[in-house]
1. Just to verify a result, which residue in the stretch 425-446, among those that are part of a helix (DSSP H, G or I), open to solvent by 20 Å² or more (accessible area, probe 1.4 Å) and among the hydrophobic types (A, V, I, L, M, F, W, C), is nearest to A127 (Cα to Cα)?
2. Just need a number here: residues in the stretch 227-253 that are open to solvent by 40 Å² or more (accessible area, probe 1.4 Å), of a type outside the set (S, T, Y) and farther than 17 Å from N197 by Cα.
3. Tally time: how many residues in the stretch 63-96 are open to solvent by less than 30 Å² (accessible area, probe 1.4 Å) and touching a helix residue (DSSP H, G or I) at 6+ places or on another chain (Cβ under 6 Å)?
4. Any idea which residue in the stretch 206-215 is nearest to L187 (Cα to Cα), counting only those that are buried (at least 22 other Cβ atoms within 10 Å of the Cβ) and without any contact (Cβ under 8 Å) to a residue 60 or more places away in the chain?
5. Does the stretch 477-495 contain at least one residue that is over 30 Å from S370 (Cα atoms) and over 29 Å from the mean Cα position of the chain (by Cα)?
6. Of the conditions (1) within 26 Å of V420 (Cβ to Cβ); (2) surrounded by fewer than 17 Cβ atoms within 10 Å (Cβ to Cβ), S116 satisfies every one except a single condition; which number is it?
7. Being in a helix (DSSP H, G or I), of a type in the set (A, V, I, L, M) and either more than 12 Å from V294 (Cβ to Cβ) or under 18 Å from the mean Cα position of the chain (by Cα) (or both) is the filter here, so list the residues in the stretch 356-386 that pass it.
8. Pick from V294, V264: which is in contact with a helix residue (DSSP H, G or I) (Cβ under 6 Å, 6 or more places away or on another chain), open to solvent by less than 50 Å² (accessible area, probe 1.4 Å) and modelled with pLDDT under 95?
Amino acid sequence: MAEPKTKYDRQLRIWGEQGQAALEKATICLLNCGPTGSETLKNLVLGGVGSITVIDGSKVELGDLGNNFMVDESCVGQSKAKCVCTFLQELNDAVKAKFIEEYPEALIGSNPSFFSQFTLVVATQLAEDSMIKLDKICREANVLLIFARSYGPTGFVRISVKEHAVIESKPDHFLDDLRLNNPWPELKRFAETIDLNVTDPVAHKHTPYVVILVKIAEEWTKAHGGALPSTRDEKKEFKELLKAGMVAMDEDNYKEAIEASFKVFAPRGINSGLLQIIHDSCSEVESNSSDFWVMVAALKEFIANEGGEEAPLEGSIPDMTSSTELYVNLQKIYQAKAEADFLAIQQRVKSILKRMGRDPDSISKEMIKSFCKNARKLKICRYRPIEDEFNNPAVTELQKYLTDEEYSVAMGFYILLRSVDRFAANYNSFPGQFEGEMDGDISRLKTTVVGLLSDLGCNGATVTEDLINEMCRFGASELHAVAAFIGGIASQEVIKLITKQFVPMVGTFIFNGIDQRSQLLAL
């Protein structure tokens with residue numbers, strides 16, 4: 001068996017050893033192992049989750065051979081859960097795998113406590129009533145839950161958890177934490193030791209742009225009553241000051257300073273997202289508060305005191321044109337400030353835990369350090385209960401989506417995915433499932449759609465006949481291409497939730513296979 005670091009080398013570069021360790025501890029339960037469920041679980045098994053449990057009461061039929069690559073002819077007539085589980089185990093022998101030959105709907109009704117043993121449940125191809133029941137069970141047990149479904153040319157993915165806190169959100173674009181608009185005393189003193197008018201041309205072109213910007217910004221604020229450039233003209237004038245400092249055209253450090261000057265213009269203090277988090281009601285911690293909110297409470301105290309209305313410094317600096325000596329010294333100043341901020345927050349975390357009657361060392365140093373490094377990028381995701389979304393939808397949003405040309409097809413598929421469940425409950429089959437009943441099913445599905453829209457408070461709204469015809473034409477089939485795509489999206493969200501890295505989707509993800517479009521509906 002390959003060593004984990006070799007086996008998972010590429011993904012370790014994305015979510016690191018801490019993220020991989022979280023995956024390897026995770027216990028995953030899959031409900032229904034048709035194409036959508038099998039594709040989802042395949043990705044997670046290859047990723048190295050700790051264990052999987054497959055729940056499915058059906059037998060493999062000939063039709064399964066055309067859309068599920070995890071069964072073959074020898075499986076026909078056998079337990080689908082057993083066959084899929086055996087195949088998945090072969091993909092990664094480090095993953096523990098077991099199966100239960102039982103229909104998920106029956107298990108949800110007869111043994112709700114069964115699900116509390118898992119880290120996360122992936123529920124595929126469930127009807128509305130089972131979704132609502134399972135959502136209540138998982139929320140009560142604090143088990144992560146993801147719904148996924150493919151149906152003909154469409155499909156959806158929906159996360160359902162009370163609250164998900166993300167420390168390592170890893171945004172694609174985020175401003176470096178250089179504090180050029182609000183330098184601390186040690187950085188100022190370091191900048192003061194460097195003369196921008198030095199006569200040595202080599203020294204002049206190897207002064208770090210951070211130092212150049214701190215010094216020029218200091219000069220600017222002295223001449224402008226402590227204010228930094230804010231208007232377009234002032235920003236242009238500031239850049240002209242930087243250009244005036246150049247003594248040769250090949251001075252890359254000054255070019256870098258001009259390009260990075262926007263960092264000086266950025267507003268001081270914390271961003272709106274972090275401000276919202278530290279003023280969240282959960283930041284007033286209680287004895288049962290999570291470690292995340294304890295750290296947020298410490299952060300809130302830090303910002304109001306030692307931080308001077310700033311978050312803790314991240315402590316890293318980007319590559320830049322500089323002499324080795326100046327770069328290393330600058331790096332040490334940033335690292336020292338970050339360490340001081342970390343120690344201050346660590347002390348506040350311990351004090352808060354002590355006041356709560358908990359072990360002051362119960363939150364690890366590594367966790368607090370990661371929290372401090374990513375403090376500016378914290379994210380909180382909260383999800384409405386499925387029952388709330390289904391029975392008390394945001395009518396304004398529904399109507400907006402239905403009439404918006406950009407979203408009307410995605411919203412149409414959302415309505416149809418719910419309508420086919422109503423149809424099945426009333427007629428004991430899905431529309432178009434049996435030959436010879438297509439015309440009648442189309443008519444009945446239209447009536448069902450109108451009734452659902454009326455119940456949702458959208459009287460007079462419609463779904464196009466083309467979409468209704470398409471849903472009937474596919475007769476509840478799972479197309480492998482659509483199932484593989486939905487499974488890929490679902491497994492991606494599972495990894496985000498388990499590793500607590502990157503920001504998971506908030507809303508209902510709808511895939512439109514007709515137009516090859518994916519959209520997120522906030523309902």
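The values are calculated or read from the model by the stated rules, or taken from the named source; none is laboratory data. Every value quoted in this text rests on a predicted model; they were computed, and no experiment measured them. Virtual Cβ from ideal backbone geometry, glycine too; neighbours counted across all protein chains shown. SASA here: full protein model, heavy atoms, side chains in, ligands and nucleic acids out. Shrake-Rupley method; radii C 1.70, N 1.55, O 1.52, S 1.80 Å.
1. The qualifying residue nearest to A127 (Cα to Cα) is A425.
2. 8
3. 10
4. Applying the filter and picking the extreme gives V214.
5. So far as the stretch 477-495 goes, yes, one or more of its residues are over 30 Å from S370 (Cα atoms) and over 29 Å from the mean Cα position of the chain (by Cα).
6. Going through the list (1) within 26 Å of V420 (Cβ to Cβ); (2) surrounded by fewer than 17 Cβ atoms within 10 Å (Cβ to Cβ), S116 breaks only (1).
7. A375, I386
8. Just one listed residue meets the conditions, V264.
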